[in-house]
Amino acid sequence: MRFTTDATSGEAEFIGNGEWRVVIDGQAHRVFAAGPADAPWIWYDGVVYRPDVYDRRTTSSTARRDTTGSLSAPMPATVRAIEVAAGDHVSRGDTLLVLEAMKMELPIKAPADGTVVSIGCRVGELVQPGVPLVELR
Amino acid sequence: MFRKILIANRGEIAVRVMRTCREMGIATVAVYSDADRRARHVLEADEAVHVGPAAPAESYLDAGRILEAARSTGAEAVHPGYGFLSENPAFAAACADAGVVFIGPPPDAMRAMGSKIGARRLMQTSGVPVVPGETPADQSTRALLDAVTRVGRPALIKPSSGGGGIGMRVVRADDDAEAAIEGARRDAEHAFGDGTLYVERLVERPRHVEIQIFADTHGNCVSLFERECSIQRRHQKVMEESPSPALTPELRTRMGEAAVAAARAVGYQNAGTVEFLLDPSAALGAGDQSFFFLEMNTRLQVEHPVTELVTGLDLVRAQLLVAAGQPLPFRPERLNQRGHAIELRVYAEDPATGFLPQAGPLLLYREPRGPGVRVDSGFSEGDTVPVHYDPLLAKLVVSGETRQAALARADRALGEFVVLGITTNIGLLRRLVQHPEVRAGRLDTGLLDRLLPELTAGSSEMPEPVAAVVGLYATTPSAVATPGHATNDPWNSGGWRP
């Protein structure tokens, strides 16, 4: 099928099994795509592109923080240690708990000074991303 | 020869051992946890036995359940792979007691090398050079802090039993030694069930060069040459090669002799690896002080295929023959390194977010093929990478006539490796093999960390062919491959299939 982007136009054909052939100015390119329609994974020339996630990439292993002040795991992980209790005052950078995934320890640190309102996990528990682990105020 | 063996492991190494078993007409028994019900190693085995929940301590580390699986299936021997129970002398001894052959060294040799302090003492009396370090008898945090002071900073803190970089911590001049000691102890207790820690002086900018040795039960013990594994991140190897660009024939001979002496000192049998630090600052002609004994891995190594590609041997086949009491299946005088081999470890991890391990479904998974390319992996398309285990996805091993040819082949093969659904380090590996320092062979164990900013620098620019497919993908229903379940759910190991 014919396509046009901001910069160029050409022919693209879906081959099957995730593979696409894109021809621009006579030059053929191999592309693979998979995943949800609104959030695809795309491979081209050995590099993987995630067009939907460019803007929400984080650059550290610190926890995700949502607007209510609770911290959640950045990935599925096992809780290895809980370093604080409800009512504790913590400073920015203090280790709140330690997660472990795939043989790696991931300390979850306080993103700001505050007070621990509640702990939402137990040592040994397998936690999923997005589930609140510690609530800070 | 054995008629049936049990492989007490999972992932790529279990699959790799089974392949050799099939070539030798040996039936295979897999063991698996709840998370691995439909894992590759289970599907490729002749029989499979469930041994417990996903947590390693309750399944792959449970010696009792594994031996019960061997007994109930009539397996005559157990291959432990690497990690898990592979360096556990109590397990090896329990195998012997149960009348099952442990495919590896005798428990006493494992015990001697498993204790880092005992191994060092033994090496010193056997004339093998060692780096300053100690395992304090008093394992209190205070005593360990004193030990850090004695060996001097930078110091390394690591589990006394164990290996593979698990639990290891570096303490530099300004680092919090107490936090490092406590973290290492937690890791050691979790991974090995033993929190004893070892503290040693860190040799700066060393190369990691190890010697593969092989010993049989007839008194033969030989060196199968070196592998250089200087490209590491957090003490986890990322790229390994043979020959090492740093060794002269003379140094190779000396290191090989030291490795064989180390193995003989503990009455070693079967495959083993003696790891050395090679000190580049030692003046040439400084005698034995240019390399130091690090540790001996009393098992098959992750990177053993590198040695297989340069020597032409099948190390697992040799392991099985030697375990069955046969002599080394090769003539030592005919051994040599032919061409050059390089292994690259493909990890399910995201270099852009601090190397967070990734778990999830392999929506698309296409391994490279072609001349001089070998891929050892434990996954295939549609599988889910579980959260509970090591994030090693595959080992890409290439060989070529020369180091430069092998690097070009690695570059080509990495450029053909398609993995969609979870983030991997493939892009990083490709930039690594293209890097001038790597091409020039100027390696040390800190090189990868120093190159990381350069190797992970991302371009947000989307090439035209990608932009084209982004636009068309959503409107081409036949092309959209969507998993039917939450992508990060480790309990759903079935995965999506097209």
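Taken together, the values in this text are just the output of simple stated rules run on the coordinates, not laboratory data. Predicted model, so just to flag it, every value in this text is computed and none were measured. Cβ placement follows ideal geometry from the backbone for every residue including glycine, while neighbour counts extend to all protein chains displayed.
Between B:S140 and B:E68, the modelled labels are 4.2 nm apart [label points 7 Å from Cα along Cα→Cβ].
Counting only other chains, what is the mean number of Cβ atoms within 10 angstrom of the Cβ of each residue in peptide B:49-55? Can you show the working numbers first?
Details: counts 0, 0, 0, 0, 0, 2, 3.
So the per-residue partner count for this stretch is 1.
Coupling constants for segment B:238-249 follow from the phi torsions by the Karplus curve (6.51 cos²θ - 1.76 cosθ + 1.60, θ = phi - 60°), and in residue order they are 10, 9, 9, 8, 8, x, 6, x, 9, 8, 8, x Hz; glycine and proline get x. For segment B:314-326, backbone phi angles converted through the Karplus equation (6.51, -1.76, 1.60; θ = phi - 60°) give residue-by-residue couplings of 9, 5, 5, 4, 4, 4, 5, 5, 5, 5, 8, x, 7 Hz, Gly and Pro being listed as x. Projecting the Cα atoms of A:A34, B:V203, B:A57 onto the charge dipole of the protein assembly as shown, computed from C-beta unit charges around the Cα centre, puts B:V203 farthest toward the positive end.
Using a 10 Å cut-off around each Cβ, can you sort B:T149, B:T298 from fewest to most neighbouring Cβ atoms?
Numbers: B:T149 12, B:T298 30.
Listing B:T149, B:T298 from fewest to most nearby Cβ atoms yields B:T149, B:T298.
Annotation: amide H-H contacts under 5 Å for B:S230 (H modelled 1.01 Å from N, sequence separation of 5 or more, or interchain): B:H208. Under a model in which nothing but the beta-carbon of Lys, Arg (+1) and Asp, Glu (-1) is charged, segment B:195-280 shows a dipole of about 200 debye around its Cα centre. Neighbour counting of Cβ atoms within 10 Å sorts the residues B:M462, B:M168, fewest neighbours leading, into B:M462, B:M168.
Note on B:V130 and B:A261: the model spin-label points, each 7 Å out from Cα along the C-beta direction, lie 1.4 nm apart.
A viscosity of 1.567 mPa s and a temperature of 4 °C, combined with the Kirkwood radius over Cα pairs in Stokes-Einstein, give a translational diffusion coefficient for the protein assembly as shown of 50 µm²/s. A simple spin-label model places pseudo-atoms 7 Å from Cα toward Cβ; at B:R205 and B:A440 they are separated by 1.2 nm.
Residues whose amide H comes within less than 5 Å of that of A:V131, counting only those at least five positions distant or on another chain, are A:A73 (H built at 1.01 Å from N in the peptide plane). With viscosity 0.692 mPa s and temperature 37 °C, the Kirkwood radius over alpha carbon pairs of chain B converts through Stokes-Einstein to a diffusion coefficient of 140 µm²/s. Extension gain for B:D174 to B:E401 (0.36 nm times residue separation, less C-alpha to C-alpha distance): 77.1 nm. Sorted ascending by nearby beta carbons within 10 Å, beginning with the fewest, A:D25, B:D350 become A:D25, B:D350.
Each residue of segment A:43-50 is assigned a 3J(HN,Hα), and the resulting list reads 10, 8, 6, x, 10, 9, 10, 10 Hz, derived from the Karplus form 6.51 cos²θ - 1.76 cosθ + 1.60 (θ = phi - 60°), x at Gly and Pro. Packing, as the average of other Cβ atoms within 10 Å across residues, places the peptides B:269-278, B:405-414, A:81-90, B:55-64 in the order B:269-278, B:405-414, B:55-64, A:81-90, highest first. Taking amide H atoms as placed 1.01 Å from N in the peptide plane, the amide H of A:L99 lies under 5 Å from those of A:R80, A:L106, A:I108, each 5 or more residues away in sequence or on another chain. Calculated FRET efficiency, A:D6 to A:D113, Cβ-Cβ distance, R0 = 56 Å: about 0.80 to the nearest 0.05. Segment B:313-375 and segment B:23-96 have Cα centres lying 20 Å from one another.
When the helices in chain B are scored as -39500 (n - 2.57) per DSSP H run of 4 or longer and the sum is shared across all residues, what 222 nm value do you end up with, to the nearest 500 deg cm²/dmol? It would help to have the intermediate numbers written out before the result.
Details: 16 runs with 161 residues, N = 498.
My calculation for chain B gives -9500 deg cm²/dmol from helical runs alone.
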